[in-house]
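Below: the structure, in structure tokens.
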Amino acid sequence: MARAGHVFEVENPCREAVLAQVTRFDADDVDQAVASARRAFDTGGWPRASATARGRVLLALAAKVREQAGDLARWETRQVGKPIRDAINEVHAAASCFEFYAGAANKVYGHTIPVSAAGLDFTERIPLGVVALIVPWNFPLLIAAWKVAPALAAGNVVLVKPASYTPLTALLLGRLGTEAGLPAGVLTIVPGPGAEVGERLIEDRRVDKVAFTGETTTGTRILQLAAPQIKRVSLELGGKSPTLVFPGVDLDRVAALAVQSAYGNAGQDCCARSRIAVDRDIYDEFVEAFCRHVRALHVGDPEDPATELGPLVSGPHRERVMRHVTRGIADGAELLVGGSTEGLPDRGYYLAPTALGAAEARMDIVREEIFGPVTTIQRFASEQEAIEMANDTVYGLSGSVFSRDGGQALRVARQLRAGVVSVNSIKSVHIEAPFGGFKQSGLGRELGMEAMELYTELRNIFIEVD
Ligand code: NDP
């Protein structure tokens with residue numbers, strides 16, 4: 001729909017070649033998109049349709065996503081560089097998300113409240129209006145679905161700003177939305193640079209809410225821009241999540257899971273357990289098992305179904321990750337495995353899965369989110385020290401505790417300052433359960449019925465009966 005005719009290029013990070021050209025929205029395009037979204041909300045049928053009717057359209061959209069799963073997964077793999085088998089799972093998870101919120105649409109209830117005055121007092125949840133959803137490049141379709149599905153289910157009108165590295169599957173989702181029966185202007189994709197398109201959306205007074213997933217520094221900027229209007233904002237930000245390993249567990253199994261959680265999506269995952277802390281008595285044995293599993297990872301062409309680890313999303317990002325590794329080694333960490341591009345395909349932004357041992361809390365590599373296939377391993381001497389290590393971060397998104405002692409597992413899990421904790425597991429995300437971070441990992445909870453609160457206002461009505 002952009003009039004200006006400007007485009008930007010999307011690269012395939014595996015081939016280091018241009019994959020597509022996408023319309024780059026300019027100020028007028030954004031203005032028009034917001035105007036048409038505002039009209040759709042103020043006068044259109046979507047917010048006024050019954051919640052059940054909205055649910056039916058979302059169910060149709062879920063079916064379209066499943067029908068097109070092969071194509072969507074291929075484009076996701078090509079634009080992010082993620083292994084095709086992960087991309088297929090993510091597309092189906094996106095469809096499941098639409099199915100969940102199709103069912104949730106007519107289950108958003110208010111309360112009746114026994115107030116002192118003579119009358120009936122009740123609450124209702126109503127849509128916020130026009131919402132801008134700004135999504136990152138690591139799970140482009142899935143994270144778009146986490147936001148689009150509850151926002152539409154609640155009756156809002158939606159503008160999606162995809163990441164510039166990865167706009168293609170969001171554009172396909174927009175097309176599928178129209179085919180599924182969403183009225184014109186209800187779901188619009190607005191590609192273009194975050195600093196221009198994203199900021200215009202945030203500052204536009206016709207936009208009622210911004211939901212964002214991305215870096216903590218960008219989240220800070222968004223809060224600042226939204227502050228003058230007291231605009232509704234929800235944020236899913238960075239993480240530096242720990243895995244704690246206590247004695248007595250099956251070390252081989254735990255090492256295999258720790259590898260999966262650290263290197264899935266090449267570590268470009270806000271929930272990646274990139275800080276591992278192990279009881280000092282089992283440290284050596286754990287490190288041996290962990291490195292064995294890392295070496296067994298199949299790194300290669302993401303379109304090959306056998307591949308477990310593809311390239312990073314871009315050349316500059318790989319450079320950034322490499323700088324972290326170099327700095328970690330200079331600070332005294334021990335390179336256990338990886339750390340280079342040796343033996344990897346010549347073309348593509350690959351980096352070998354990397355682990356640094358003897359890591360210490362003072363090191364930047366332990367403190368900063370790296371967002372690549374890099375893990376640090378620390379030793380602890382007691383349960384208390386393990387908890388302190390886990391919480392010694394500005395982030396608080398997720399974490400895993402591995403212990404055979406049920407009391408210990410629960411005791412530790414409940415002391416972690418993180419929004420999503422798994423015990424003897426690396427699973428962080430369940431569509432049915434709330435997801436989000438403590439501290440600088442975010443504001444608000446996505447997924448579950450909690451997401452319906454992110455996309456509604458609460459109104460209280462009192463009816464006098466005297
Ligand atoms: P960024 O913050 O760089 O970008 C995210 C999105 O915001 C992109 O669409 C980007 O557009 C846009 N954007 C950038 N600058 C602005 C701005 N000034 N105003 C408005 N929008 C802007 O994050 P990344 O894409 O690099 O994503 C990685 C980050 O996301 C990591 O920190 C990761 O931890 C976090 N993340 C958090 C999750 C969570 O649930 N907590 C889940 C997944 C990721 P453009 O691409 O055009 O720059």
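Just so it is clear, none of the values below were taken in a lab; they were calculated from the coordinates. Everything quoted here is computed from the prediction, not taken from an experiment. Here the Cβ is made from the backbone with ideal geometry for all residues, glycine too, and neighbour counts use every protein chain on show.
Summary table below
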read-out: Boolean, residue 131 is more than 28 Å from residue 317 (Cα to Cα) and within 16 Å of the ligand (Cβ to nearest atom); value: yes
read-out: Qualifying residue in region 373-386 (condition: over 26 Å from residue 352 (Cβ atoms) and within 15 Å of the ligand (Cβ to nearest atom)); value: no
read-out: Single unsatisfied condition, residue 82 versus (1) touching a Leu at 6+ places or on another chain (Cβ under 8 Å); (2) of a type in the set (D, E, K, R); (3) part of a loop (DSSP other than H, G, I, E, B); value: (1)
read-out: Residue in region 289-302 that is charged (D, E, K, R) and loosely packed, with under 14 Cβ neighbours inside 10 Å present; value: yes
read-out: Enumeration of residues in region 439-466 that are within 11 Å of the ligand (Cβ to nearest atom) and not aliphatic (A, V, I, L, M); value: 440, 441, 442, 444, 445, 446
read-out: Test: residue in region 308-323 that is touching a Leu at 6+ places or on another chain (Cβ under 7 Å), within 15 Å of the ligand (Cβ to nearest atom) and part of a helix (DSSP H, G or I); value: yes
read-out: Meets criteria (within 20 Å of residue 429 (Cβ to Cβ) and either among the hydroxyl-bearing types (Ser, Thr, Tyr) or in contact with a His (Cβ under 7 Å, 6 or more places away or on another chain) (or both)) for residue 169; value: yes
read-out: Test: residue in region 83-106 that is within 13 Å of the ligand (Cβ to nearest atom) and in contact (Cβ under 8 Å) with a residue 40 or more places away in the chain; value: yes
read-out: Meets criteria (small (Gly, Ala, Ser) and either over 15 Å from the mean Cα position of the chain (by Cα) or under 19 Å from residue 25 (Cβ atoms) (or both)) for residue 219; value: no
